[in-house]
1. Out of the chymotrypsin sites (Phe, Trp or Tyr not before Pro) in segment B:278-334, which ones are loop residues according to DSSP with at most 14 other C-beta atoms within 10 Å?
2. So which lysines pass the test for B:K37, namely a Cα distance under 17 Å, with those fewer than 8 places away in the same chain ruled out?
3. With an 8 Å Cα cut-off and a minimum separation of 6 or more residues, compute the relative contact order for segment A:194-355 in percent.
4. Evaluate the distance, in nm, between pseudo-label points positioned 7 Å from the Cα of B:N244 and of B:S13 along their respective Cα→Cβ axes.
5. Mean separation of Cα pairs under 8 Å and 6+ residues apart, divided by the residue count of chain A: what relative contact order is that in percent?
6. Among the trypsin sites (Lys or Arg not before Pro) within segment B:47-82, which fall in a DSSP loop and have no more than 10 other Cβ atoms within 10 Å of their own Cβ?
7. Per DSSP H run of at least 4 residues, take -39500 (n - 2.57); add these up for chain A, divide by its residues and hand me the 222 nm value, nearest 500 deg cm²/dmol.
8. How far is A:K356 from itself in the other copies, in nm, if each label sits 7 Å out from Cα along the Cα-Cβ line, shortest first?
Number of protein chains: 2
Amino acid sequence: MNSGTMLGKASISFSRPVYIQSCASVVGPKEGDGPLKNCFDMICDDPMFGEKKWEAAESAMQKEAAVLAIGKAGLTPDDIRFVFAGDLLAQTIASSFGIAEVGIPFFGLYGACSTMGESLSLGAIAVSAGYGHHILCATSSHFATAEKEFRFPLGYGCQRPLSATWTVTGSAACILSPEAPHPSEIVGSSLLRSTLGSVAITGITTGKVIDFGFRDSLNMGGCMAPAACDTIYRHFEDFGRSVNDYDAVLTGDLGVVGRQILLDLLKEKNIDLSSVHQDCGLLIYDNQKQDTHSGGSGCGCAASVLAAYILPRVVSGFWKRVLFVPTGAMLSKVSFNEGESVAGIAHGVVIEHISKETEV
Amino acid sequence: MNSGTMLGKASISFSRPVYIQSCASVVGPKEGDGPLKNCFDMICDDPMFGEKKWEAAESAMQKEAAVLAIGKAGLTPDDIRFVFAGDLLAQTIASSFGIAEVGIPFFGLYGACSTMGESLSLGAIAVSAGYGHHILCATSSHFATAEKEFRFPLGYGCQRPLSATWTVTGSAACILSPEAPHPSEIVGSSLLRSTLGSVAITGITTGKVIDFGFRDSLNMGGCMAPAACDTIYRHFEDFGRSVNDYDAVLTGDLGVVGRQILLDLLKEKNIDLSSVHQDCGLLIYDNQKQDTHSGGSGCGCAASVLAAYILPRVVSGFWKRVLFVPTGAMLSKVSFNEGESVAGIAHGVVIEHISKETEV
């Protein structure tokens, strides 16, 4: 099949939609106490997820999201062709001890907090090329593993500046397929469709690493906003579209500080994104009540908001077309301690409502 | 285009070859003193590669390999559609501070030492689907960054058991394309072709994470051999081929210890690989003279041996078809210190000589 068209320098428009057949989100207690509490598939009251170590907790959570998404599509792990997954931890151990255990051929990714955008992009490329009838895309983050990995021991009680974000304890997984889901055929399934239609990925714009020279690991929004700006700007150029072509443009985890920088940077390019922009990091917590400062962050932030909030709105037809732009900050504690800057990356994914009349 | 066929549960046979138009290898002084010393594109006498920090040294080396491969193909970074790259360090900082700086849309990978197999697999998928006329696949490792990341400070002078491998200071990059290279057209290029033809990827078998319960981070060969066995076995099953269909099966970095385990495991499945098996970790050093114990390892081991030794043998027609199987050990210092086992993964890539009569 001629499966898509290359646009500009970094975009692909898929000639046939890549359907998201099912999705699942699993979060911790703090996320389950936030504004989206009624939207998640599973809220675990125990932030250890029944395990004895934080890393094992994150692995368990990611595995649970994957198994849920597979089950909701009426499938077994044996039906899944490839997994595209990653996380924030060194050597992506949350994924290699979690989802990888499910025994599916595995492509490990590292895109910092943009990982859900990277996994959906690569999953969509594989599906559109005819290389998989069902492909699993997943990611996760956990507040305690991320603090341990990047910042200070929790017991140290470090004071957090107002620009700091709170890493989401959450995971989500999606099943991609060249076919729209037909729920009536599968007993017990819970597929992603409404009476009006389904939801699909119709294009991607792949991010570049953009380094503005920021060096503050407690202001990740500022570090990532230039990358989000670059990807969104190139997306509009490559697709010949404007703000008016989207019901929403959702960045991953810029938070209060990063959102303002993004809007300012785009204004310099004569793009006013304010009317359609939302940030997953500002949707998942009530910053005032939950003491989360600039907002939520982490791979699990964009991913769980996608599964819990964005996809349901698109499948219902409330939104016809959105641009999902998870944002990642490229640093490690080694690079940070060596005084290196914190570059950003953002991957754009076009998600559209497919009315049942036009479904394949 | 109908770009390939899914075989079995984890393999793809590409209907049109994905050509490797150019490749480049850059290594450190120890590798430049080994048996392949006349095969590398660049041997840097300074293991710091002109930088002040080990991580920056690895980034500089990876960037150099990428720029060399791009130049050998007669291209500029602007001609490259996507980069698929990763490394061993936490949050893959060698790649995000190295190759990512080149300003090409970037997919970050983590496959431990199997990363070259993962990047070639995903690059080949993208090229075969028509999503890029030139795609860059790269990886690197550095002895000093890896020891710091996974084991002991160098100054500590830790004694190494005989099962330990020596992480290769090396990087390599390849340019993939749907078209065979035509060197006469490009002045100053150094494309990967001979008077007889060229070299291409014709199939892949994607690895699963295989955990045999090994817990010894100083016996990585033992940890990875079961994954190599699984991928090679499934590859023969999926493609309906046997040992006789390959001139060589080259694993990434099993070393002396892992190689024997692999041969034993395959023998239990009635496959005698001994006549065609080679291991990149046993090719890059003279273990006796260079005190490298079980052999070489690291992402840069399989990658630099691919560029320096394997691809030249295939392009010349000395080998008609080989299976390249980089092997990775999935661990971090956190998972290791928490007593977790070390699982393995291996990605198989079929590399064939394409005679000029059959080139596209």
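1. On the way: sites: B:Y285, B:Y309, B:F318, B:W319, B:F324; in loops: B:Y285, B:F318, B:W319.
Filter output for segment B:278-334: B:F318.
2. By straight Cα distance, B:K37 reaches B:K289.
3. Working: 344 pairs, mean separation 64.4, N = 162.
Relative contact order comes out at 40 percent.
4. 1.7
5. On the way: 972 pairs, mean separation 87.5, N = 360.
In percent, rounded to a whole number, it is 24.
6. Details: sites: B:K52, B:K53, B:K63, B:K72, B:R81; in loops: B:K52, B:K53, B:R81.
Filter output for segment B:47-82: B:K52.
7. Working: 11 runs with 104 residues, N = 360.
Calculated at 222 nm, the ellipticity per residue is -8500 deg cm²/dmol.
8. 6.0
The values are calculated or read from the model by the stated rules, or taken from the named source; none is laboratory data. The shown structure was predicted, so the numbers you read here are calculated from the model rather than taken from an experiment. Ideal geometry is used to build each Cβ from the backbone, glycine not excepted, and the neighbour counts take in all protein chains shown. What goes into the accessible areas is simple: the full protein's heavy atoms, side chains included, and nothing from ligands, DNA or RNA. Shrake-Rupley method; radii C 1.70, N 1.55, O 1.52, S 1.80 Å.
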